[in-house]
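Asker: Here it is: the structure, laid out below.
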Amino acid sequence: MHKRTPPTERERRREQQRRHRQREREGRRAYQVDLDGEIISMLVGYGWLREAAAGDDREVSCAVRRLLTEAANASKKP
């Protein structure tokens, strides 16, 4: 079985830059925000996030994105 070597720092930076440029082309930006337990609980309580996924950064990020996207779309409706 072939073992995959971890990416070098240079490869990691190159991949980050590629994702950054892709977001720019798509008109998107990435932001880092601090969320406390109250906000995570709210996401779970309103069904945006499964309780089992509350400790998973990627799942929380996706839940916040879905919430904000739906809020933005709702604000466009007459």
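Every read-out reported here was derived from the displayed coordinates using simple, explicitly stated rules and does not represent laboratory data. All values reported here derive from a predicted model rather than from experimental measurement. Every residue, glycine among them, receives a Cβ derived from its backbone with ideal geometry; neighbour counts consider all protein chains shown.
Asker: Working only within region 47-78, note down all residues that are in contact (Cβ under 8 Å) with a residue 12 or more places away in the chain and not in a helix (DSSP H, G or I).
Answerer: Scanning region 47-78 gives Trp48, Leu49, Ala54.
Asker: What number of residues in region 1-46 are aliphatic (A, V, I, L, M), assigned to a helix (DSSP H, G or I) and either touching a residue at least 24 places away in the same chain (Cβ under 8 Å) or more than 18 Å from Ala71 (Cβ to Cβ) (or both)?
Answerer: Summing the residues that are aliphatic (A, V, I, L, M), assigned to a helix (DSSP H, G or I) and either touching a residue at least 24 places away in the same chain (Cβ under 8 Å) or more than 18 Å from Ala71 (Cβ to Cβ) (or both) in region 1-46 gives 1.
Asker: Related question: Every residue in region 1-48 that is over 18 Å from the mean Cα position of the chain (by Cα) and polar (S, T, N, Q), please.
Answerer: Selection gives Thr5, Thr8.
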